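The values are calculated or read from the model by the stated rules, or taken from the named source; none is laboratory data. It should be emphasised that the depicted structure is a prediction, and the values quoted were computed from it without experimental measurement. Note: ideal-geometry Cβ built from the backbone for every residue, glycine included; neighbour counts use all protein chains shown. In case anyone asks, the SASA skips ligands and DNA or RNA and just uses the protein heavy atoms, side chains included. Shrake-Rupley method; radii C 1.70, N 1.55, O 1.52, S 1.80 Å.
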Amino acid sequence: MRRRRNEVTVELRKNKREESLLKRRNVPITNPEEEEADKTVNQCNLETIVQKARSTDPAEQLAGVQAARKLLSSDQNPPIDNLINSGILPILVHCLKQAEIPALQFEAAWALTNIASGTSVQTQAVVSSGAVPLFLELLLSPHQNVCEQAVWALGNIIGSEEIDVCTGDGPVLRDYVIQLGVVQPLLSFIKPDIPLNFLRNVTWVIVNLCRNKDPPPPTDTIREILPALCLLINHVDTSILVDTVWALSYLTDGGNEQIQLVIDSGVVPHLVPLLSHKEVKVQTAALRAVGNIVTGTDEQTQVVLNYDALNYFPSLLNHPKEKINKEAVWFLSNVTAGNQQQVQAVIDAGLIPLIIHHLNRGEFQTQKEAAWALSNLTISGTRAQVAYLVSQKVVAPMCNLLTVRDTQVVQVVLDALNNILKMAGSQFYTIAAQIEECGGVDKIEALQNHENEEIYKQAYEIIDNYFSDDVDEDPSLLPQCSEQRYQFDPNASIPADGFKF
């Protein structure tokens, strides 16, 4: 019954989410005089730039590499392919080895960073030129600007979505850089005296290391990274915090074993309070992360609930951003797929009326999540819990969704109505009347002609079991609740005003 976020992950991958781009160009902030100088550089012949970069004279070579770097960082559409075709890549890679000239290493690393910020083919050209092992060596450079530029370049390479065309495996470049040993030197930069911009870059690279679940990062790599994320989640900088929480959301999207690794790291008590963070970007990332955790087992879900996560959901369900509403209802749909105590926790938090509100008036994607949340409750819940759901006037908005084109939603609603009727007991005629009064019976009857086989079978069974002439004449023909499965729970928390139908 629990549902992972597959379709959302695909959407994020296509849109390259705005919160943290996979690749970034290093573009300096320039003053007007420098911009004029750059225009002169842009008019230089590529052949001349390459010739200078190849020079044995250190000053001449530095000028050539710097000219190439400016071409790559000053234009809106940098001539990456032209520079690659000019044959400058092996020259730039050779410059990375010139430890005695750190300025040359820095300029070459910057140029290669911006080439690697392009398409997967352009990134692959940098990798094929042998740059990655040299970037890893530069992480140990005594010059901070060289280290930082190497980190940036590696982030662009790790963030590439290059897939092995022979095997279909991916992400190939992320795993290649991990195998070369990037993690420990990268994490060594996380210390109190690191400049803020440098730490932002390091955190962004960690996000790229955590991305992708086909396959996910190696388990050993996740174990290495998690202590750093536990440290960074307490950082005051919003950019670092957003990236840290997105990294956790990626790790928790990789299945129950990865969810458990995140839980065992001790980060959850720091993660849950971020649901009320003043920055919407932090809230969004935190909601993704805790939402992924509750796709796991009942025990994993309970860890999140134990830190009072449900207390944050009245605000999230009333959030001005519809995307947050949808994510919040999706989260709750996985909680109502849990055990009866977890269903009761949702009821006790006063969230059922808010979910029904979204079922009735939300945007369609939010309505869809609300249908799942409430349908799951009719499967997981006790008879008393389902009776409470009915008392909150869920029937009419459920029936309103029977005419939508989304076959999955129609099936989910039919399941919910079937379960409600099955558990109605002495309230059967009251509930049946509600379904009839809102036009639900007519809609279910019409679904007996639906092109989807499962839907017309479900519709036929509901009509045959609950709304046929035989049932009206002889109530004893109604299906009886299984007392073993649907027995009334005397310990369940029931609203003070009881159940009114």
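Structure above, values below:
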| item | result |
| --- | --- |
| Solvent-accessible heavy-atom area per residue, rounded to whole Å², over the range 282-373 at 1.4 Å | 34 |
| Ordering of 185-193, 394-402, 80-88 by burial proxy (mean other Cβ atoms within 10 Å per residue, highest first) | 394-402, 80-88, 185-193 |
| FRET efficiency estimate (nearest 0.05) - Cβ-Cβ, Asn85 to His450, R0 41 angstrom | 0.10 |
| Simple label model, 7 Å out from Cα along Cβ direction - Phe364 to Arg4, nm | 2.7 |
| Rounded FRET efficiency, nearest 0.05, which uses the C-beta distance separating Asp214 from Tyr429 and R0 of 45 Å | 0.30 |
| Estimated [θ] at 222 nm from DSSP helical runs (n ≥ 4, -39500 (n - 2.57)) normalised by residues in the chain, nearest 500 | -19000 deg cm²/dmol |
| Additional length obtainable on full extension of the chain from Lys457 to Ile379, 0.36 nm per residue less Cα span | 26.2 nm |
| Degrees, to the nearest 10: 196-210 long Cα axis against longest axis of the chain | 60 |
| Extension gain from Leu140 to Gln392, taking 0.36 nm per residue of separation minus the Cα-Cα distance | 84.4 nm |
| Efficiency of FRET between Thr119 and Gln98 - r from beta-carbon atoms, R0 30 angstrom, step 0.05 | 0.60 |
| Relative contact order (percent, whole number), the chain, Cα cutoff 8 Å, 6+ residue spacing | 8 |
| Distance violations [Cα-Cα > 29 Å] among Lys213/Lys281; Lys368/Lys457; Lys70/Lys278; Lys321/Lys457; Lys70/Lys97 | Lys70/Lys278; Lys321/Lys457 |
| Spin-label model distance (nm) - Thr48 vs Asn311, 7 Å beyond Cα toward Cβ | 6.8 |
| Gyration tensor (alpha-carbon) shape descriptor, the range 313-460, a/c threshold 1.5 | oblate |
